[in-house]
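Have a look at the structure below, then the notes.
The values are calculated or read from the model by the stated rules, or taken from the named source; none is laboratory data. If you're wondering where the values come from, they're calculated on a predicted model, not measured in any experiment. Note that each Cβ is placed from the backbone with ideal geometry, even for glycine, and that neighbours are counted across all protein chains shown.
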Amino acid sequence: MELILSDLFGSDLKMTSREIAEVTGKKLYHVNRDILTMLDELDLDKSKFGSIYFDNKNRQQTEYVLNEELTLTLVTGYSIKLRNAVIKRWKQLENQTVSLQDEINKICAKENFDKAIGSIHGKGLAERKKTKKANQNIFQNLISQAQLTLGLRL
């Protein structure tokens, strides 16, 4: 059993224009404007990056979802402090992903070990069911943590 976060959630981490606005202290409409300008200049289809969310007044709003390359391309036009803030956030996202991947690797290794021990030593079916259920619960908790921590959806 081997599971990789990128297999579950896609290979690229993403950052939304709302998160960029929060990290940089810029107004969301300014960040969205800058993103649209950047996408135009790069001849990229804006519709592939737009996403709908509901604001705190339950109004439908548009945000843009960028990968690391486009996020860094966007913020290189901003001040050094703002670029640094976004780069720190990317590092934080990457570190969280590595940490969660390590935990998933550990539970997968434990599950494989439990299977092997069960078959080698002839452990009873009831005991194997217990370890399997426990491992599944731990794995589900890790997936939930990944979704919350990284803002991902399965």
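Against the conditions (1) modelled with pLDDT of 90 or more; (2) of a type in the set (S, T, N, Q); (3) touching a helix residue (DSSP H, G or I) at 6+ places or on another chain (Cβ under 8 Å), Thr73 satisfies every one except (1).
This table checks each residue for (1) in contact with a Pro (Cβ under 7 Å, 6 or more places away or on another chain); (2) of a type in the set (D, E, K, R); (3) modelled with pLDDT under 85.
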{"position": "Asp43", "(1), (2), (3)": "no, yes, no"}
{"position": "Ser51", "(1), (2), (3)": "no, no, no"}
{"position": "Thr62", "(1), (2), (3)": "no, no, no"}
{"position": "Val86", "(1), (2), (3)": "no, no, yes"}
{"position": "Gln92", "(1), (2), (3)": "no, no, yes"}
{"position": "Leu100", "(1), (2), (3)": "no, no, yes"}
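Within segment 73-81, is even one residue farther than 30 Å from Asn137 by Cβ, in contact with a Ser or Thr (Cβ under 8 Å, 6 or more places away or on another chain) and part of a helix (DSSP H, G or I)? Scanning segment 73-81, I find at least one residue that is farther than 30 Å from Asn137 by Cβ, in contact with a Ser or Thr (Cβ under 8 Å, 6 or more places away or on another chain) and part of a helix (DSSP H, G or I), so the answer is yes. Could you please let me know if Leu39 is assigned to a helix (DSSP H, G or I), touching a Phe, Trp or Tyr at 6+ places or on another chain (Cβ under 7 Å), at pLDDT 80 or above and surrounded by 12 or more Cβ atoms within 10 Å (Cβ to Cβ)? So Leu39 passes the test. Checked against (1) at pLDDT 80 or above; (2) in a helix (DSSP H, G or I), Leu13 passes all but a single condition, namely (2). All of (1) crowded, with 16+ Cβ neighbours inside 10 Å; (2) more than 23 Å from Asp34 (Cα to Cα); (3) of a type outside the set (Asp, Glu); (4) modelled with pLDDT of 85 or more hold for Leu66 with one exception: (2).
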